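Just below is one structure, and these are the notes that go with it.
The values are calculated or read from the model by the stated rules, or taken from the named source; none is laboratory data. Just so you know, these numbers come straight off a predicted model, no measurement behind them. Using ideal geometry, Cβ is built from the backbone for each residue, glycine included, and neighbour counts are taken over all protein chains shown. Ligands, DNA and RNA are stripped out before the accessible areas are found, and what is left, the full protein with its side chains, is counted by its heavy atoms. Shrake-Rupley method; radii C 1.70, N 1.55, O 1.52, S 1.80 Å.
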Amino acid sequence: MPAENTVTDSGRIVKMEVDYSGTCDEKIPQCETLAKEGKLSEALDILLSLEKQARTGADAHSTSRILVTIVQLCFQSKDWNALFENIMLLSKRRSQIKMAVTKMVQEAVTYVEKMPDRDLTLKLIETLQTVTAGKIYVEVERARLTHRLALMKEEDGKVSEAATILQELQVETFGSMEKKEKVELILEQMRLCLARKDYIRTQIISKKINTKFFEEPNTEELKLKFYKLMIELDQHEGSYLAISKHFRAISNTKSIQDDPAKRQQVLKCVVLYLVLAPYDNEQSDLVHRVNAEKNLEIGRAHV
């Protein structure tokens, strides 16, 4: 069986020289027992020594297991300083393996919501942001951490700081992130920019969303959120024709069409803002299109 190729943090490809899976099967349970007995330091010494062997032998799977075990034992032992220090230490090791760093970060991210207090939560987020900076292979985890940090700042009343933190993410360029999650984060960027009344930035960010995405299944909630944010933005600008179009897009949503009261309210808004819009060819064309639609009986009455 040919040796597996391993990619280091620097991008160098090396072949696995030694398989340490058997040693890990033996040593990891021993270290777990030591940690439960209160001998975390002794357990970490064994694991760190084994990590060096597995890393230099380019055994990606074993190195990943060891890194994950180290952060697990620190967390289970509630030794927060050891947790933060080892996350930093292991990510900076010479020729560290990408897979191992990814697995460790993914494990540590699950602890964010489990930390005993707010200060430790912030410390963990900051630590993970430091080790994920500039690493494309953990860009999704970094984005989620940044969003969590922005929400914490918003909870503290620091809306402007929260918006600035989240704006740093260029999520539209993230190749490994699912389209739906990208849109969710872009909508959050829009929301926070609107909250601090940064209308120009909100307009720029809104262009990153292709509205054809909302034709895909299970996107209705995001569609409604997007158009509500756009309505808030264009109300500030006094762009009545644009607002009418936004309400028209909302009216073409299943949950709105299935609720007669909501549908009636939305259709009223379509017509109201259409009438308020200055007359031009585009406004006139939309009046005729609205008047021709079967669902817009209210529109005909008002227009």
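Does at least one position in the range 18-37 carry a residue that is modelled with pLDDT under 95, out of contact with any strand residue (DSSP E or B) (no Cβ under 7 Å at 6 or more places or on another chain), exposed (fewer than 15 other Cβ atoms within 10 Å of the Cβ) and farther than 25 Å from Val138 by Cα?
yes
Would you please name the residue that is surrounded by the most Cβ atoms within 10 Å (Cβ to Cβ), looking only at residues in the range 145-167 that are closer than 16 Å to Glu184 by Cα and polar (S, T, N, Q)?
Thr146
Restricting to the range 79-91, and then to whatever is touching a residue at least 24 places away in the same chain (Cβ under 8 Å) and not aliphatic (A, V, I, L, M), can you tell me which residue is farthest from Arg142 (Cα to Cα)?
Filtering the range 79-91 for residues that are touching a residue at least 24 places away in the same chain (Cβ under 8 Å) and not aliphatic (A, V, I, L, M), the one farthest from Arg142 (Cα to Cα) comes out as Asp79.
Here are some conditions: (1) over 29 Å from Tyr279 (Cα atoms); (2) open to solvent by less than 70 Å² (accessible area, probe 1.4 Å). Ser206 meets all but one. Which one does it not meet?
(1)
Among the listed residues Ala133, Ala195, Ala108, identify the single one that is open to solvent by less than 20 Å² (accessible area, probe 1.4 Å) and of a type outside the set (D, E, K, R). Break it down stepwise before answering.
Working: Ala133 fails: open to solvent by less than 20 Å² (accessible area, probe 1.4 Å); Ala195 fails: open to solvent by less than 20 Å² (accessible area, probe 1.4 Å).
The unique qualifying residue is Ala108.
Under the condition of being farther than 20 Å from Asp234 by Cβ and open to solvent by less than 80 Å² (accessible area, probe 1.4 Å), which residue from the range 262-294 is modelled with the highest pLDDT? Before you say what the answer is, go through the steps one by one.
Within the range 262-294, the first condition is being farther than 20 Å from Asp234 by Cβ, and the residues that meet it are 262-264, 288, 291-294.
Now drop any that are not open to solvent by less than 80 Å² (accessible area, probe 1.4 Å), which leaves 263, 291-293.
On the way: Arg263: 93, Asn291: 84, Ala292: 82, Glu293: 76.
Among residues in the range 262-294 that are farther than 20 Å from Asp234 by Cβ and open to solvent by less than 80 Å² (accessible area, probe 1.4 Å), the one modelled with the highest pLDDT is Arg263.
Considering only residues of the range 173-192 that are acidic (Asp, Glu) and open to solvent by 70 Å² or more (accessible area, probe 1.4 Å), which is nearest to Glu221 (Cα to Cα)?
Glu184
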